[in-house]
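Worksheet for the structure shown next.
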Amino acid sequence: MKLGRVSALLDQLRGWERATRPLDPVKQRILAERWAALPDGVKTPAQLVGRHAVGCEGTHGVFPKCNLTCSPCYHSSDANKVRVDGDHTVREVERQMAHLRSRRGPRSHAQLIGGEVSLLPPDAHADALLAMRRHGREPMSMTHGDFDYDYLEALAIGTDGRRRFNRLSFAAHVDSLMRGRRGIPRPRSEGELNPHRRRFVAMFRRLRREHGVRAYLAHNMTVTPTNIDQIPQVVREVLTMGFSMMSFQPAAFVGDDRRWREGFRDVAGDDVWAMIEAGVGTRIPFAAAQMGDPRCNRSAFGFVADGRWFAFLDDNRPADLAARDAFLTHLGGITLGGVPTRIAAVRLLRGGVRHPAVIVAGSRYAAGLARRAGPAVLRARGRVQPMTFVMHSFMDASQVAPAWRLLQNGVVSDDPAVRATQERLQACVYTMAHPDTDELVPACAQHAVLDPGENAALRRLLPLIDQRPDGTGEAGTCPAVTVREAVGITTH
């Protein structure tokens with residue numbers, strides 16, 4: 001009996017030792033492969049892809065339908081002619097996440113995205129999120145936010161009254177380019193949407209108050225010449241609402257061309273970022289940490305205290321850059337999310353003991369951050385709100401299609417413009433899985449090249465109406481086959 005207890009204790013200790021190892025060999029291998037595949041131009045000291053992260057992931061072809069109309073819309077013209085079917089969604093999410101885990105390692109952030117996620121039945125929505133988590137993905141549901149608390153509660157709480165989730169992540173896309181929102185079908189300005197933004201956050205506060213389910217909330221906004229000058233107002237308002245991220249996407253000519261009504265390319269990334277800074281009232285440094293190609297992405301991580309925003313990393317502060325370099329050099333592959341706090345703390349401690357340079361650089365960095373933000377944090381009495389600013393600049397379909405076709409054939413273009421597009425595709429941090437062909441496809445290629453064919457196929461697989469021989473119809477049913485099995489499409 002004593003020997004048995006000793007053996008069990010040793011097994012527990014060995015399990016604890018493995019769980020708290022700073023670096024996972026599988027993740028290290030995958031990061032090295034990702035780094036090797038990046039174009040040389042983005043292999044900079046600031047690059048996080050291939051050193052700390054593989055990038056984000058998203059679903060495709062799982063529920064393309066949406067009940068709002070937007071100008072622009074990145075979905076193809078067939079997207080709203082497909083029935084939302086929970087069984088299909090869960091089945092495809094399971095397949096895609098399994099493929100992502102096999103190719104990109106045990107953990108990543110993934111978006112449950114397509115059309116409008118709240119059109120899914122709550123149980124199917126929950127099952128899709130749970131499937132993503134089973135495969136080590138941290139899921140975020142992408143929505144326009146125009147749903148009721150009853151739906152959110154049914155998603156978070158099962159019919160047995162138990163919580164299905166301790167934490168949910170949602171991104172609400174709210175801007176004046178969207179048509180059909182209840183109560184404001186045709187907004188004339190961004191400011192008119194603020195009550196709807198507050199209502200969205202209030203639902204999650206109620207969910208935490210009544211059921212203890214925490215939430216991470218992001219706010220998305222498409223930018224065109226129509227609303228770019230309203231960004232400062234949006235930023236000032238959203239900053240205090242309870243969101244933890246603000247993401248801005250300058251519009252591109254991709255998706256449903258019936259909704260290309262403006263000179264989208266009159267909006268430059270520098271202009272968008274300047275408007276964000278005007279709203280925050282301070283410089284927002286983005287060069288200290290880079291995800292993929294800077295022509296595609298800008299990110300600045302920070303927090304709000306006492307009404308002011310503070311950056312975690314500032315490219316003008318040597319101590320910040322030294323801490324970044326020490327961390328990425330010695331602990332770049334460490335996984336701190338998705339595990340209990342005690343395990344994350346021990347991983348950091350073990351990594352620091354093994355690499356004292358991390359502790360030295362980290363201490364200097366922490367001292368500098370405390371000097372800058374400490375007084376504001378004290379005045380805020382600990383009420384600190386994380387706030388990340390992100391800008392994603394998607395590419396036009398006319399650019400992507402020829403560049404992607406050449407990449408699929410292993411050809412690097414001699415044309416500078418096409419080659420630049422190829423480099424951006426190779427560095428893409430937003431990936432979608434195609435398990436049938438064992439491919440990982442950049443989001444721009446998915447939307448510009450593959451979505452039209454996939455959605456046309458989904459119209460047959462998930463028809464809104466099934467036609468009978470006598471010409472009458474009824475709501476369709478979903479056969480247990482994939483889109484590819486139904487129509488034999490490929491990504492080439």
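Each reported figure results from applying straightforward, stated rules to the coordinates on display, with no laboratory input. The structure presented is a predicted model; accordingly, all values stated were derived computationally and were not measured. No Cβ is skipped: glycine too gets one built from the backbone with ideal geometry, and neighbour counts run over all protein chains shown.
For Asp306, the amide hydrogen comes within under 5 Å of the amide hydrogens of Ala380, counting only partners 5 or more places away or on other chains and with H modelled in the peptide plane.
The mean sequence separation of alpha-carbon pairs under 8 Å and at least six residues apart, normalised by the residue count of the chain, gives a relative contact order of 19 percent. Taking the Cα of Arg186, stepping 7 Å toward and past its beta carbon, and measuring to each backbone N in segment 47-88: which are under 20 Å? It comes to 67-73, nothing else. 3J(HN,Hα) along segment 132-148: 4, 5, 4, 9, x, 8, 9, x, 10, 7, 9, 8, 8, x, 8, 9, 9 Hz, from the Karplus curve 6.51 cos²θ - 1.76 cosθ + 1.60 with θ = phi - 60°, whole Hz, x for Gly and Pro. Per-residue 3J(HN,Hα) values for segment 237-245, derived from phi via the Karplus relation 6.51 cos²θ - 1.76 cosθ + 1.60 with θ = phi - 60°, read 6, 5, 4, 10, 7, x, 6, 10, 8 Hz in sequence order (x marks Gly and Pro). Here Lys65 is the anchor, and the lysines within straight C-alpha reach of less than 29 Å, apart from those fewer than 8 places off in the same chain, are Lys81.
Need one word for segment 177-290: rounded, prolate or oblate. Basis is the Cα gyration tensor (sqrt eigenvalues a ≥ b ≥ c); a/c below 1.5 gives rounded, then a/b vs b/c decides. Verdict is oblate for segment 177-290. Protection proxy ranking of 89-95, 152-158, 197-203, by the mean of other Cβ atoms within 10 Å over each peptide's residues and highest first, is 89-95, 152-158, 197-203. For segment 75-155, the normalised intensity computed at q = 0.15, 0.18, 0.24 Å⁻¹ comes to -0.55, -0.77, -1.19 (log10 of I(q)/I(0), Debye sum over alpha carbons, equal scatterers, no solvent). Using the Karplus relation 6.51 cos²θ - 1.76 cosθ + 1.60 with θ = phi - 60°, the per-residue 3J(HN,Hα) values for segment 412-422 come to 9, 5, 7, 6, x, 5, 5, 5, 4, 5, 4 Hz, with x marking Gly and Pro.
The calculated 222 nm mean residue ellipticity attributable to helices in the chain amounts to -13000 deg cm²/dmol, summing -39500 (n - 2.57) over DSSP H runs of n ≥ 4 and dividing by all residues.
With a ≥ b ≥ c taken as the square roots of the eigenvalues of the C-alpha gyration tensor of segment 211-277, please select rounded if a/c is under 1.5 and otherwise prolate if a/b is larger than b/c or oblate if it is not? Cα axes put segment 211-277 in the oblate bin. Sort the chain into rounded, prolate or oblate with this rule: let a ≥ b ≥ c be the square roots of the eigenvalues of the Cα gyration tensor; rounded if a/c is under 1.5, and if a/c is not under 1.5, prolate when a/b is larger than b/c, oblate otherwise. It is rounded, given that a/c, with a ≥ b ≥ c, falls under 1.5. Cross-link partners of Lys2 among lysines, defined as those whose alpha carbon lies under 22 angstrom from its own and excluding same-chain residues fewer than eight positions apart, are absent.
Using a cutoff of 8 angstrom between alpha carbon atoms and counting only pairs six or more residues apart, the relative contact order for segment 285-360 works out to 20 percent.
Remark on His75: its backbone amide H falls under 5 Å from those of Asp256, a criterion applied only to residues 5 or more positions apart or on other chains, H modelled at 1.01 Å from N.
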